[in-house]
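K.L.:
Okay, here's the structure, questions in a sec.
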Amino acid sequence: MQTLAHFGDGGPGPWILLFPLFWALVVGFGITLLRRTGWRGRRGPHGPAARDDSPLAVLGRRFASGEIDEDEYWRRLSVLEEEFGRRG
């Protein structure tokens, strides 16, 4: 075993670089696996679910579906921005 640890004139050989590379690959694979399987917790792919129920989001959906016209949208948006401020 000592012949592997001391390459040539007593120093470690180039094979020693494989250990950090191996562990970096293992850690990277583990993080990738956790992120893809559900490490995000309650968040969805686009952020927390509570953001979808905000008054600004509801107003935007109503405008997009045609329930309100553009004038009413801008009027209500200005009121909501005064009350809640811009969230971004």
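K.L.:
I need the calculated FRET efficiency for the pair ASP53 and TYR73, taking r as the beta carbon distance and R₀ as 22 Å, to the nearest 0.05.
P.N.:
0.75
K.L.:
Separate question: Amide H neighbours of SER54 under 5 Å, counting only residues 5+ apart in sequence or on other chains, H built in-plane at 1.01 Å?
P.N.:
none
Since every read-out is calculated from the coordinates, none of them should be taken as a lab result. Quick caveat: nothing in here was measured; it's all calculated off a predicted structure. Glycine also receives a Cβ, built like all others from the backbone with ideal geometry; neighbour counts cover every protein chain displayed.
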